[in-house]
Structure formats: C-alpha cells, structure tokens
1. Would you please calculate the Kirkwood hydrodynamic radius of the chain over all C-alpha pairs and express it in Å, rounded to one decimal?
2. What residues qualify as long-range amide H neighbours of L76, i.e. H under 5 Å apart, gap of 5 or more or another chain, H built at 1.01 Å from N?
3. At a 1.4 Å probe radius, which order do D133, D263 fall into by accessible area, largest first?
4. About the Cα centre, and with charges only on the beta carbon of Lys, Arg (+1) and Asp, Glu (-1), how big is the dipole of region 61-185? Nearest 20 debye, please.
5. With a 1.4 Å probe and all protein chains in place, put Y289, Y278 in order of accessible area, largest first.
6. Just going by the charge dipole of region 123-226, with Lys and Arg at +1 and Asp and Glu at -1 on Cβ, which of I186, L143, L205 is farthest out on the positive end?
7. How large is the accessible surface of K169 in square angstrom, using a 1.4 angstrom probe and rounding to the nearest 10?
8. List the residues of region 274-295 whose backbone N lies under 17 Å from a point placed 7 Å from the Cα of N219 along the Cα-to-Cβ direction.
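The values are calculated or read from the model by the stated rules, or taken from the named source; none is laboratory data. What you see is a predicted model; the values in this text were computed from it and never measured. Cβ sites come from the backbone with ideal geometry, for glycine too, and all protein chains shown count toward neighbours. Ligands, DNA and RNA are excluded from the accessible area calculation, which covers all protein heavy atoms including side chains. Shrake-Rupley method; radii C 1.70, N 1.55, O 1.52, S 1.80 Å.
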Amino acid sequence: MMTKASHSLSELNVVAPADFVAALGEVFEHAQWAAQEAAAARPFASVEALHDALMQAVRDASHETKLAFIRGHPELAGKVSRAMTDASAAEQGSLGLDRLGEEEFARFGRLNRAYRERFGLPFIICVRRHTRDEILRQFERRLGNDAASELATALGEIAHITRLRLVGKVEGPGMPATCGLLTIHILDTFNGCPAAGVAVALHELGASASGRLTGMLTNADGRTDRPLLADVPLRIGTYELRIEPGGYFARRAMEMSAPAYLDTIPVRFSIAEPERHYHLAVQMTPWSYAVALES
C-alpha cells in the first residue's frame, strides 16, 4: 500500500533550494547532488517532470560520478549496514531479502561476488517490481551483459526505484504510473449468470519463495469487492489463481458427480508489466472452463 505523500509539488516549486534538497535528498541513494541540480530547473509542471529532471541530473553526470553513485547502492541480501538508507532497507525487507535461509543467502552471496568481479558494481534492480525468483533469474541473465549495457540497465532500474520513492513523498499533477491492478470476473455460462460466492485464492509461485497472497469470494456480479492486487507494482513473476467451482455448483442444487469433475481450477500465469491492469475473464460450467486475459 502506498503511503501518503509528505510534500506537494507546488510547495517544492517555491521552497528554498536547501529545503528542496532536504525534502528529496534520500530519493536518490546517497546522492543529494541530483536534487541540487534539479532545483535549478524549477518550476515543474508535473511530478513526472520532476522525476525526469532528477534522472537527467544523473545522466548528465560524468562517467566517474555515475559509477560512484551506483557503487553507493547496497548489495542485495547483504548485511544491513549504517551505509544503507532506510528506503533501501525497507525495499529489501519487503521481499524478505533481509531474512533468507542459509542456502539462499549463500546463493545471493555468490551472485553478488560474481557480478562485482565482472562489473565492479553492486547489482541494481527495483525489488518492488520483481518476485525473488525473477530477481535471481535477472541476476544470472545480466551477468552476460557487457559493461556499457549493464550500466544503462542499472540506471534504468534506478529510474524505477526512484520513481516509486518519489511518488511516496510528493503529490501533485502528472503523477507517474507506478502501480498495477489485477482483477477477475467469473461467469457461470451453464446457468447464464455471474458466478457469485466462488472462492478464489492468489498464490505466488517460485522455487525461491511461494505462498498465498490473498483469498476472496466473488460478489453478486461475479467479481471481487476489491482487486486481487492493487496500489502496488505487480511484481514480475509467476502466479497461480485457484478458483473453486465445486462448492459453487453444489450450492445451486445441481446434480454433480462425486467428487466434482472440476473442484478446483488452477490458472497459472505470469506478470511482465508491473504497472499494467491485468484482468482475468473466466467462463465456467460444471465440466469446462475458459480464461482470457483482458486489459
């Protein structure tokens, strides 16, 4: 859930430069100079324009300054240190990277060392946009990049990280898109009506971390009263939605086999765009089902 912003864009457009830097200095890891550079470009018409100006300050910096900036970021799943900002500690903690088991901690350690030996940098990724399994997959894939490509990739991930941090601090017109949405609609095509009272449960799937994320019942319209996921980036990764039609059709006093032919419908899918609205449209009978992804 996104926290309430503590500053308005209109306020930041007129405060003294030192106050502007104080408000935004931690958005970029140990790099208050980015806010100092952006302050000179005020006023900003939108929060998106403010973020663009902050990122432009980083892109315009010398190569040595960029490298020093990236090196100021913590490694993933490393020991929490005084050098790690509160934002980084919270982001890594949200994915459980601060409490890994021994085997997984050792795996992250090996990948961190391999990456640093190859590029001389910590591995940068926006953990709020990825599942743990996807982070490990990206770790392996990006070790094959050349230095120039990896620098550009790291800066792209920093853009995602700082955009999320900024929208947590600043409110105003032109907010950048940072959150996704996952919704569902179930129709009973045998009886020709929305399927009300169907239990659905969303699970994250992965070798590194798996678990139930949420469970709900569909309402009279065959939808859930609130989205399955909302107000956060949808983490890139693999999921399974488990739909329970057996109880629904049994309550309709229909003649059913015992056990029911379709007691649980597992719908496995992947999310690739964290800021997108994914909508699962489900049609079901006691003996068949169809699922379509709609936007």
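1. Across the chain, the inverse of the average 1/r is 21.6 Å.
2. Long-range HN contacts for L76: F123.
3. These residues rank, largest area first, as D263, D133.
4. With Lys and Arg at +1 and Asp and Glu at -1, about 120 debye.
5. These residues rank, largest area first, as Y289, Y278.
6. Working it through, the farthest residue towards the positive pole turns out to be L143.
7. Taking all protein chains as shown, K169 has close to 60 Å².
8. 280
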